[in-house]
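Notes follow once the structure below has been shown.
The values are calculated or read from the model by the stated rules, or taken from the named source; none is laboratory data. All figures in this text were calculated on a predicted structure; none of them were measured in a lab. Backbone-built Cβ (ideal geometry, glycine too); neighbour counts: all protein chains shown. Ligands, DNA and RNA are stripped out before the accessible areas are found, and what is left, the full protein with its side chains, is counted by its heavy atoms. Shrake-Rupley method; radii C 1.70, N 1.55, O 1.52, S 1.80 Å.
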Amino acid sequence: MIQYVLNDTVNDSFYNNKVRDSFVWIGQNKLSKKDVLKALNNTSHYNRNNGKWDLKFNQTALYNEKAWKKMVNKNIDTPSPDYWKNNDFSFKNRVFSKQEIDSVRKLADYSLREKVYFFTDAMYYNKDIAVFRLKEVTNQFDGGLFKDRILFMKKENGKWIVIDEGIINRY
């Protein structure tokens, strides 16, 4: 098993969201870190003062200009491996290749009634905070339903927990 922060953050994220007892379907192609950094400026964050998702990242308590610039400089041009493998994760999973995902017929062969998850490698923000993009898609790939978000996680008591979440706006 690959030992780096994404492995722990993704494993803990799925375990915390009670996915641990089911099979997790994963898209083999990693999402681009560069796209995440661009999308982060277009995310909505939860505003505890008014109960709405109306804050931009640079308006949140987590935003720190120095940490932001450091994360951008370190990750914007850093190539990462392009693919996930089944043994990258400790939970039960099935990694689908791009060709399998593109083929609705192939997906139907798996009787896929689950969500398929796509994500990036994790990036560090402000030393102890990991950031990664998690895209959740139903098996209705042709115009299907999805959630696209950026998670900020911090390790507490040996487990990674979500401390902030950005919803990527599609406007």
- Query: So how far apart, in nm, are the two label points at ASN50 and ALA67 if each is 7 Å from Cα heading toward Cβ?
  - Reply: 2.5 nm
- Nonlocal amide H pairs with TRP53, under 5 Å, H built at 1.01 Å: ASN47
- Cross-link partners of LYS70 among lysines (Cα-Cα below 21 Å; sequence separation of 8 or more within a chain): LYS33, LYS34, LYS38, LYS56, LYS127, LYS154, LYS155
- Item | Neighbourhood charge, 11 Å Cβ-Cβ cut-off, centred on ASP77 and excluding it, Lys, Arg +1 and Asp, Glu -1 | +3
- Under a 5 Å amide H to amide H cut-off, with H placed in plane at 1.01 Å, what residues pair with THR60 once short-range neighbours are removed? none
- Task: Report the full-extension gain for the segment LYS92 to ASN29: residue separation times 0.36 nm, less the Cα-Cα distance, to one decimal in nm.
- Result: 20.9 nm
- Note on the structure: For ILE76 the rounded accessible area (nearest 10 Å², probe 1.4 Å, non-protein molecules ignored) is 50 Å²
